[in-house]
Amino acid sequence: MSTAATALRNAGLRVTKPRVAVLEVLGSMPHATADDVATQVRARLGTVSVQAVYDVLAAETRAGLVRRLDMAGSPARFEARTGDNHHHMVCRSCGRITDVDCAVGRRPCLTPNDSSGYRVDEAEVVYWGLCPDCQFAKDA
Ligand SMILES: [Zn+2]
Ligand SMILES: [Zn+2]
């Protein structure tokens with residue numbers, strides 16, 4: 001059985017071809033949009049509706065197999081690297097997204113000086129800047 005099928009089973013989800021395909025696509029294409037995923041899944045399986053891919057992404061996100069990223073100015077991105085609380089660097093110019101390991105490795109890795117009575121369970125960290133390629137293009 002494939003790694004993706006095992007992951008689905010362990011998460012209590014029924015193993016279906018679209019679910020396996022979505023996980024495999026995200027494994028090789030991190031931070032993909034739902035449209036990117038749908039294109040790749042259709043290339044593998046033929047007839048799969050975009051709505052079906054959205055449904056699979058939602059189910060796998062709920063099950064903790066997929067992490068959804070909502071970045072300002074960009075459609076939602078999805079990735080199969082979950083559970084390590086890693087962060088992201090985003091290029092302001094080309095939109096490239098790069099993983100950054102979390103030094104702490106679990107949520108929340110930052111605690112506010114004053115939590116105002118909230119019980120904080122996550123700190124979302126996004127570093128914005130210019131990627132190496134865009135810095136080079138700018139300097140050239
Ligand atoms: Zn860039
Ligand atoms: Zn990531």
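The values are calculated or read from the model by the stated rules, or taken from the named source; none is laboratory data. Not measured: the values here are computed from a predicted model. Reconstructed Cβ throughout: ideal geometry from the backbone, glycine too, with neighbour counts over all protein chains shown. Note: areas computed on protein heavy atoms with side chains; ligands, DNA, RNA excluded. Shrake-Rupley method; radii C 1.70, N 1.55, O 1.52, S 1.80 Å.
A few notes on this one:
- Cleavage-rule hits (chymotrypsin sites (Phe, Trp or Tyr not before Pro)) in segment 74-140: DSSP loop, at most 15 neighbouring Cβ within 10 angstrom: 118
- Highest-MSF residue in the chain out of 28, 116, 49 [GNM, Cα springs under 10 Å]: 116
- Over the chain - Rg/Rh using Cα atoms and the Kirkwood inverse-distance radius: 1.03
- For segment 1-60, the set of trypsin sites (Lys or Arg not before Pro) satisfying both a DSSP loop assignment and a count of at most 11 other C-beta atoms within 10 Å is given as 14.
- Listed residues 75, 18, 30, most fluctuating in the chain (Gaussian network, C-alpha, under 10 Å): 75
- Sequentially through segment 107-124, phi angles give Karplus couplings (6.51, -1.76, 1.60; θ = phi - 60°) of 7, x, 8, 10, 10, x, 4, 10, 8, 6, x, 6, 9, 7, 10, 7, 10, 8 Hz, Gly and Pro residues having no value and appearing as x.
- Share of carbon and sulfur in the accessible heavy-atom surface of segment 8-84 [1.4 Å probe, %]: 50
- Ligands, DNA and RNA are left out, and with a 1.4 angstrom probe the accessible area of the chain is 63 Å² per residue.
- Net charge, residue 29 excluded, C-beta distance under 11 Å - Lys, Arg +1, Asp, Glu -1: -2
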